[in-house]
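Everything below concerns the one structure shown next.
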Amino acid sequence: MPDTPMSDTSQLLLPPGFRYAAVKAGLKKSGRTDFALIVADTPANAAAVFTSNKVIAAPLIIDKQHLAATAGRIRVAAINAGNANCAAGELGLAAAIATCQAAAKTFNCKPEEVFPSSTGIIGVPLPADKLIAALPEAAATLGSGIDHFLDVATAILTTDTIEKTAFTRFEVDGSNGKHEVRIAAFGKGSGMIHPQLVPHATMLVYILTDAAIEPTLLQDYLNRAIEVSFNRISVDGDTSTNDTVLLLASGASEAVIGPNNAAFATALTQVCTSLAHQVVGDGEGVSHLVELRIHGAATDADALKIAKAIAHSPLVKTAWAGNDPNWGRLVAAIGYSGAAIDPNRIDIRFGELPICLNGGRAPQFDEASAHEYVQKPEFSITIELHQGAGSCVFWTTDLTHEYIHINADYSS
């Protein structure tokens, strides 16, 4: 899927049924916009996935309660940056509830139809009064244009260097002819990125469509899409307390999507994968984006174990940062991953360059070529295990001095 096109026709990429606003509530030290709202014209059908971290932020607790109370219908998503509203105890819950109540009054809906999100520093009480005071300005500046959409995409950023957006559109057959369906999404994430999203710095993603899909079915489509996108990335191996992906369907296109709709499933996965790539590519201090291709594992689960062992190894990641083709560190990570392997049957390629064959240095190994290859800002590593049919594609990064600098100074 192409990157976000910015042109006079970009308005055609936004699904109807939603409006957007971004304002300054005074949470970011920079003084930039830090409070974003998505307002559905009528309650939208919703699906969401959240972090698997057992320490979860207050807004996520409220979100789960609200989705249950409304049977998956949301009118307002209220997103603040600059404060994670996590590890704040009852004060955190009270702040999230107060924000929802004020938003409900502002936009004439039920408090349970408000979906709060927060990102920023953990352990600092959220000043809900600042968000509440900013709501009138947000309501007055709501709009459905591409500029409004990009404003909210920018307002939720923390250590990100760029906004992250993705769009697609396609046609589906309906009872009264073809309907165009649009999907637009934005997100943030740069550090503390190793999302483990379940029903099985922080990543927040908001996906909007004008399709008509029931909440339970919408949840099924989302679960499948995130498993091969957001659950296949890692910057630093830290799973945030606030990770959230929200999918809203306005139904404005009147295109009814039933189960097993391949066109919708493909489009949703494309959008999720695009955003996942953008998140990991904008990792804190990143100088290399690495695609790991694991083949021939005993199972898909084993392939994922190996990918994560490599992606989370400081030795591997610092080698990449130094443009060092140290494949021995890859073999070591494979060995302690917990996956079923035969050390004498491991093959490794850097791109198309043979590196390791049958567990040892490949006869065609060329250190100079390997060194030149890993200097590229993006490169791939393929690992063949010859154990079965399990496979996995995973995206990760190196670990640089800049990452340490960013996170050493984050709260000061």
> Charges only on Cβ, +1 for Lys and Arg, -1 for Asp and Glu: so what's the dipole of region 10-281 about the Cα centre, in debye to the nearest 20?
Replying inline: 340
> Fewest first, what order do T244, T273, T106 take by the number of other Cβ atoms within 10 Å?
Replying inline: T106, T273, T244
> T70: net charge of surrounding residues, Cβ under 15 Å, Lys/Arg +1, Asp/Glu -1, itself excluded?
Replying inline: 0
> If the viscosity is 0.890 mPa s and the temperature 25 °C, what translational diffusion coefficient in µm²/s does Stokes-Einstein give for region 1-154 when Rh comes from Kirkwood over Cα pairs?
Replying inline: 154
> Among F35, A98, G390, whose Cα sits farthest toward the positive end of the charge dipole of the chain (+1 at Cβ of Lys/Arg, -1 at Cβ of Asp/Glu, about the Cα centre)?
Replying inline: A98
>> Using the crude model of +1 on Lys and Arg Cβ and -1 on Asp and Glu Cβ, and no other charge, please compute the dipole size for region 262-336 relative to its Cα centre, in debye to 20.
In response: 160
> Where both residues lie in the chain, what percent of DSSP beta bridges are antiparallel, nearest 5?
Replying inline: 75
> Using the reciprocal of the averaged 1/r over all distinct C-alpha pairs, how large is the Kirkwood radius of region 289-408 in Å?
Replying inline: 14.3
>> Explain nothing, just compute: Karplus ³J(HN,Hα) = 6.51 cos²θ - 1.76 cosθ + 1.60, θ = phi - 60°, for every residue of region 244-257 in order, whole Hz, x for Gly and Pro.
In response: 8, 10, 10, 10, 10, 10, 7, x, 5, 7, 6, 8, 7, 9
> For the cross-link pairs K24/K110; K29/K376; K29/K188; K28/K188; K28/K317, which exceed 26 Å when the distance is taken from alpha carbon to alpha carbon?
Replying inline: K29/K376; K28/K317
> 222 nm [θ] for the chain, helices only, -39500 (n - 2.57) per DSSP H run of 4+, per residue, to 500?
Replying inline: -10000 deg cm²/dmol
> In nm, to one decimal, how far is the R224 label point from the E402 one, both placed 7 Å along Cα→Cβ?
Replying inline: 3.8
>> I'd like the distance between the alpha-carbon centres of region 218-269 and region 346-385, rounded to an integer number of Å.
In response: 34
>> Looking at the calculated P(r) for the chain, what percent of the C-alpha pair distances fall above 29 Å?
In response: 46
>> Less than 15 Å from a label point 7 Å out along the Cα-to-Cβ axis of R345: which backbone N atoms in region 264-304 qualify, by residue?
In response: 295-300, 302-303
>> Limiting things to C-alpha atoms, what are the Rg and the maximum Cα-Cα separation (Dmax) for region 209-361, in angstroms?
In response: 18.9, 59
> How much net charge surrounds L289 when only the other residues with a Cβ under 9 Å from the Cβ of L289 are counted, with Lys and Arg +1 and Asp and Glu -1?
Replying inline: -3
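Readers should treat all values here as calculations from the given coordinates under stated rules, not as data from a laboratory. Everything quoted here is computed from the prediction, not taken from an experiment. Don't worry about glycine lacking a Cβ; one is built from the backbone with ideal geometry, like all the others, and counts go over all protein chains shown.
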